[in-house]
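See below for the structure under consideration.
The values are calculated or read from the model by the stated rules, or taken from the named source; none is laboratory data. Computed from a predicted structure; not experimentally measured. Using ideal geometry, Cβ is built from the backbone for each residue, glycine included, and neighbour counts are taken over all protein chains shown.
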């Protein structure tokens, strides 16, 4: 049979039969699979596991425990792309939802970071409530992604050449530190990062670079407005004086009995009080609710006489100390005793207290930072270029909903 016919027979039988065909070239050597490949590409061929292990040992490194080769692209996005779809149900895995400053924004950019929360909410909540929460989460995340993109663009535009050089140096150092802290070998560091955060080294470094750019532009545009003066601290202290110097709390008790027909009981209760019986014990015997507990007030600066009570009570309370009870007095058809059951003095904090100063300074600075940041972000949104937010939100929500069927 002609040689060409032998070759066609082998190829037609499939790759597994190539080794079994006893076909020789004119020079008498046996044909191999390499004879059907491009020799110029041989240097780019991936080595076998045995060859890779040999290379590592010769370089003084331990061989890999797992199989050699690039990690599956799905490893880094396992949470997002692990979609469970029912037969016949369409699920949108990823799609372009819009652009921000010319950069395409995909569904994965918005949904990826919140998929775990969405999945947990889907399992725990009724479907209608889940739909509401999904919509809110997706819109909030879309706004965050859009604002981050605009802030990054703003930061890049403001970087001087020296700052750009410094950023490159910082990122180089961060890459070295990232690899060193995760085994000292780039492949091992990549494997650990994928396991820890679902990111490759390049993705991790890009995220860190973006965080740094955002922090820098916010520091430059927000921090100057967060300066707090001593006068600001004094003013804040005075406006919150009730918090730092709260008034004492006075608790009053009362026993009230109809006078007619209760003369003997009134005399008995008065005798017990004069003998030192606690007011609440006597009030309980007299049938008073809550053992005679009546009212609690913030103690005014003017003392008992300024309490918001009917005036006829005040003369009987004026000279009482905590734990003391008045003599019985009549008002209309009632015989009444009043008692100062307790006066609780709360902690007083002076402006001279360093902790108070620090607290006020931090709170004022935080409030001003939030206000300045909100104003700056509003300005960035006004001059930024991006697709209609409502339309992007509708697309994002629709894609997210396609992944969570009604229960």
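Summary of values
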{"read-out": "Scope segment 132-149; condition surrounded by fewer than 20 Cβ atoms within 10 Å (Cβ to Cβ), farther than 14 Å from residue 396 by Cβ and touching a residue at least 40 places away in the same chain (Cβ under 8 Å); matching residues", "value": "147, 148"}
{"read-out": "Single condition residue 192 does not satisfy, out of (1) free of Cβ contacts under 8 Å to residues at least 12 places away in the same chain; (2) loosely packed, with under 13 Cβ neighbours inside 10 Å", "value": "(2)"}
{"read-out": "Criterion violated by residue 335 - all others in (1) in a loop (DSSP other than H, G, I, E, B); (2) in contact (Cβ under 8 Å) with a residue 40 or more places away in the chain satisfied", "value": "(1)"}
{"read-out": "Members of segment 347-365 found to be in contact (Cβ under 8 Å) with a residue 12 or more places away in the chain and surrounded by fewer than 12 Cβ atoms within 10 Å (Cβ to Cβ), listed by number", "value": "347, 348, 350"}
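One line per residue, one yes/no per condition, for (1) in a strand (DSSP E or B); (2) surrounded by 14 or more Cβ atoms within 10 Å (Cβ to Cβ); (3) in contact with a strand residue (DSSP E or B) (Cβ under 6 Å, 6 or more places away or on another chain):
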position	(1), (2), (3)
261	no, no, no
266	no, yes, yes
271	no, no, no
277	no, yes, no
281	no, no, no
300	no, yes, no
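So that you can scan it fast, the table gives a plain yes or no per residue for (1) out of contact with any helix residue (DSSP H, G or I) (no Cβ under 7 Å at 6 or more places or on another chain); (2) closer than 30 Å to residue 282 by Cα; (3) in the same structural domain as residue 269 (by TED's automatic domain parsing):
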| site | (1), (2), (3) |
| --- | --- |
| 321 | yes, yes, yes |
| 329 | no, yes, yes |
| 356 | no, no, no |
| 365 | no, no, no |
| 371 | yes, no, no |
| 374 | yes, no, no |
| 390 | yes, no, no |
| 393 | no, no, no |
